[in-house]
Every structure is written in structure tokens, then in C-alpha cells.
1. Which one of the conditions (1) surrounded by 17 or more Cβ atoms within 10 Å (Cβ to Cβ); (2) outside any strand (DSSP E or B); (3) touching a strand residue (DSSP E or B) at 6+ places or on another chain (Cβ under 7 Å) does residue 67 fail to meet, given that it meets all the rest?
2. For the range 166-184, give me each residue that is in a helix (DSSP H, G or I) and within 17 Å of residue 143 (Cα to Cα).
3. Within the range 139-195, work out how many residues are over 29 Å from residue 27 (Cα atoms) and within 12 Å of the chain's Cα centre (by Cα).
4. Mind checking whether some residue in the range 109-120 is touching a strand residue (DSSP E or B) at 6+ places or on another chain (Cβ under 9 Å), more than 22 Å from residue 199 (Cβ to Cβ) and in a loop (DSSP other than H, G, I, E, B)?
5. When both residues are 6+ apart or on different chains and their Cβ atoms are under 8 Å apart, which pairs have a first residue that lies in the range 80-96 and is farther than 16 Å from residue 52 by Cβ, and a second that is modelled with pLDDT of 95 or more?
6. On the given criteria, is residue 33 buried (at least 17 other Cβ atoms within 10 Å of the Cβ), under 17 Å from the mean Cα position of the chain (by Cα), at pLDDT 95 or above and outside any strand (DSSP E or B)?
7. Which residues, taken from the range 185-204, are touching a helix residue (DSSP H, G or I) at 6+ places or on another chain (Cβ under 7 Å) and outside any strand (DSSP E or B)?
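The values are calculated or read from the model by the stated rules, or taken from the named source; none is laboratory data. A quick note: this is a predicted structure, and the numbers were derived from the prediction, not measured. Glycine also receives a Cβ, built like all others from the backbone with ideal geometry; neighbour counts cover every protein chain displayed.
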């Protein structure tokens, strides 16, 4: 598609020390949009494209030394292609913002809501938790689950990972085999799956 990262008690111990105990009041930390990032990658039959998107705002909630919730609002009008330049970049950026894809005039934002973190051991790419939550694109929400890296500090926290999404679930139809005949599309087919990578940094 043209369009669009702790093990047992030893790892959990420093997390609980962050809040100073199990009965600490929840603390909300604003996401630093400048220190955070959201990236995307999509593929068609012959190649892939990648880029980034800006964060409008967000919040991480820390409770009992762990991130207990998070909400991030994405500015879909900021969709930006990184692997192209000049007219090709301008064309793809515009197409991705159009009704063929994400219809940013009608749906200017997307949202990710984290609802649960479950610790894991030996996760791929050093992931130490499985994140569960909900992502909303074009007004449609889907449950998601994917590995993440969680880091806690005295002044805040960070959360990073990569999720794989199916664009057909969000009514992104252009050259999709879920809406059109794959044989007829041939090498014009754009795959339904795309990835969203992110690093959220939040602090006082």
C-alpha cells in the first residue's frame, strides 16, 4: 500500500518503585509531541512507501508504578511521505489525504487508546509488554493487540511499538482486494495491511 516496540520480577521491580508504592494516586503525563513520533509503512505489489504523521496531543496515565492508560490524537492532515521527493511526494501525500484513502477533510484526526498492558518475557525486539487497546480511523474503531517496550523514569514514561492494521476495517477501499477483484487489479493492487510505528514520550 502507498500509505503507512519487562521479564519477571526483576524487571517489574523498578517499575513499581517509580510511583513509590501500590497505593499512589494516578498521575497523568502529557505526551511530548516534539519528542514523540508516529511512522507508517504501506505496500503494493511492486514496492513500499513510508512516512510519518504528527501527534496533536496525548496523555499517559501512571498508576502504581505502571502505565495504566494512554490516549493519543493524531493529525491526519499531516500525513507525510519520506521515501519520495518533489512532485511524486506531493502527489502521494495528497492522494493519501483524499477520500480514496483517509478522507482527512471529513476525518481530520485518528485516535489510539491504550486500555491494558500485560508483561511478557523474551519478547521480540526487546518488547516487555503486550499492549491492548483501540484505534479509531475514519470514524471506525478496531481492537488492537501488539508488543511494546515500556520504560519508566522519575519524571515520566515512554511507550514504543509497531502495530499492523488492516485498512479495509476502516473503509479504506482504494485498490483493495477486500473491495475489488484481485486478479483484475493485478500489479495495481495495494495490500490491506500497513504498519504504524510509534514512540510516545511523556513527562512532567
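1. So the condition that residue 67 fails would be (2).
2. Those that are in a helix (DSSP H, G or I) and within 17 Å of residue 143 (Cα to Cα): 167, 168, 169, 170.
3. Residues that pass the stated criteria total 4.
4. No, the range 109-120 contains no residue that is touching a strand residue (DSSP E or B) at 6+ places or on another chain (Cβ under 9 Å), more than 22 Å from residue 199 (Cβ to Cβ) and in a loop (DSSP other than H, G, I, E, B).
5. 95/101
6. Numbers: buried (at least 17 other Cβ atoms within 10 Å of the Cβ): yes; under 17 Å from the mean Cα position of the chain (by Cα): yes; at pLDDT 95 or above: yes; outside any strand (DSSP E or B): yes.
So residue 33 passes the test.
7. 189
This table checks each residue for (1) modelled with pLDDT under 95; (2) under 21 Å from residue 111 (Cα atoms); (3) touching a strand residue (DSSP E or B) at 6+ places or on another chain (Cβ under 8 Å).
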position: 130; (1), (2), (3): no, yes, yes
position: 133; (1), (2), (3): no, yes, yes
position: 143; (1), (2), (3): no, yes, yes
position: 146; (1), (2), (3): no, yes, yes
position: 156; (1), (2), (3): yes, no, yes
position: 191; (1), (2), (3): no, no, yes
position: 199; (1), (2), (3): no, yes, yes
